[in-house]
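Read-outs: derived from the displayed coordinates by stated rules, not from any lab. The structure presented is a predicted model; accordingly, all values stated were derived computationally and were not measured. No Cβ is skipped: glycine too gets one built from the backbone with ideal geometry, and neighbour counts run over all protein chains shown.
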Amino acid sequence: MKTEEIRENNVDSGSRKELLRQNGSERFTALRDSIDDYLSIKDSIRTGIEDEEEIEHQKKKILKSLNASQSEWDDYRWQLKNRFTGHTELARIIGLSKEETEDIERVGKKYRYAISPYYLSLVKPGDPACPVRLQSVPSMHELEDRGELDPMDEAGSTPVELVTRRYPDRLIIKVTNMCGMYCRFCQRRRLIGEFDTHASKEKILKAIDYVRRNREIRDVLITGGDAFILEDSQIEWILSELRSIKHVEIIRFGSRTPVTLPQRITRELVKVLKKYHPVYVNTHFNSPREITRESKRACEILADAGIPLGNQMVLLKGVNDNRHVVRKLNQALLAIRVKPYYIFHPKTVRGTSHFWVTVQEGLEIMESLRGRTSGLAIPTYIVNGSKGLGKTPLLPNYLLYIGKDRAVLRNWQGEIFEVEN
Ligand code: SF4
């Protein structure tokens, strides 16, 4: 196809050509106008810091109902011990109708739930569309019979117990099935049984031994469940074992505790982590409302210890399937020193179909970010291939033609240009 034809076929190119004819100051006005839609709405998309008063009110209500103090609240063990697991208590704190309460009771019989007092304080009372509530409180939609328990076939990518290996030079070790809160969309919900258990020392040693025997493994991700649910001493033991293996270059942790249980990020934990650098942490914010003073503090302690932080958002209907919500989230993450790393397309896990979105919707969100926010705020959009086929990145199409001696591309505004090939 000739460049001219491509130009004519591109719906935006006329308006962009017009823009290019404008003089300099008009150009800058036009640049600002290109994010006008976001600027007019961004203050209505609230972070937890912006809604601090409301969250503080809920926190006081929870503390009173548990007859607890601020120092207990600040203790992650207390938070874990007091996770909400009963429908009547939940109903009282977040204001549920009788019908909603009965639904939770029904779903809870099939899929376990547990919400840390901290994370529950972020739920907006009486709002069924609250993004924090959607992620944490059971819904009748979970009983819909669509999807599979293990669509990624993790079981089939397991060379030894606890290890998932899909790539040549890296692997995952799952050290616990426990989390601060059980996300309603979790891809590993099949592993979250009726009782919380950590993997035994013997099993972890066997997994580490697998790493030792396979010299091409240079990157180990410790996850679960949630890796930071382990005690500091257990984390230190795993780190020291891995660091005794020469070919392990980097160690990563996957943890949602900065989001669901920020009290877990203590100075003592960080002291352990920084002894074994390079250590990376990937966390998992899905909504601007999850960015609170407490989660900010947790991320800053980690960042101050030289630990690079990445965010792995899951694209979820009703929670963040909106371009402005994603932009606000990613920009707010950068402000607390977390780099948006991945946006995961939701996996077809049974009991989560109410969260699914289309690939087209995901691509539209990616299109809306490029050029309109810093490159740092633009993660990679990933669709995981079913049955362990691995991460597949997706981008809107910027390459319109590629031939022997030239390539034709479009920029974020739809302007078309050529490069020699
Ligand atoms: S924190 Fe991670 S592993 Fe735990 S329930 Fe949520 S998504 Fe699943």
The computed P(r) of the chain puts the percent of Cα pairs beyond 37 Å at 29 percent
Got a sec? Charge dipole of the stretch 83-240, +1 on Cβ for Lys and Arg, -1 for Asp and Glu; which of Trp237, Val175, Ser200 is way out at the positive end?
Trp237
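Calculate, in nm to one decimal, what Arg215 and Lys275 gain on full extension: separation in residues at 0.36 nm each, minus their alpha carbon distance.
Contour length minus Cα-Cα distance gives 19.3 nm.
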Mind giving me the FRET efficiency for Arg77 and Ala30? R0 is 56 Å, r the Cβ-Cβ distance, nearest 0.05 is fine.
0.55
Acute angle (nearest 10 degrees) that the helix 232-243 long axis makes with the longest principal axis of the chain, alpha-carbon atoms
60 degrees
Hydrodynamic radius by Kirkwood for the stretch 233-356, inverse mean 1/r across distinct Cα pairs, in Å, is 15.5 Å
From the C-alpha gyration tensor of the stretch 187-226, square roots of 5λ in Å:
24, 13, 7
Enter the mean projected area of the convex hull around the alpha-carbon atoms of the stretch 349-421, in nm², rounded to one decimal.
7.0 nm²
R0 of 45 Å, Cβ-Cβ distance Phe417-Glu105: FRET efficiency to nearest 0.05
0.15
Please work out the Kirkwood hydrodynamic radius for the stretch 52-143, using every pair of different C-alpha atoms, and report it in angstroms with one decimal place.
13.4 Å
Please pull out the direction-averaged projected area of the stretch 155-394, using the convex hull of its alpha-carbon atoms, in nm² to one decimal place.
12.4 nm²
On a straight-distance basis, which lysines could pair with Lys64 in a cross-link, Cα separation under 19 angstrom, same-chain partners fewer than 8 positions away excluded?
Lys81, Lys124
Segments 306-313, 145-152, 72-79 sorted - mean Cβ within 10 Å per residue, highest first:
306-313, 72-79, 145-152
Express in nm, to one decimal, how much length is gained between Glu53 and Leu395 on full extension, taking 0.36 nm for each residue of separation and deducting their alpha carbon distance.
119.2 nm
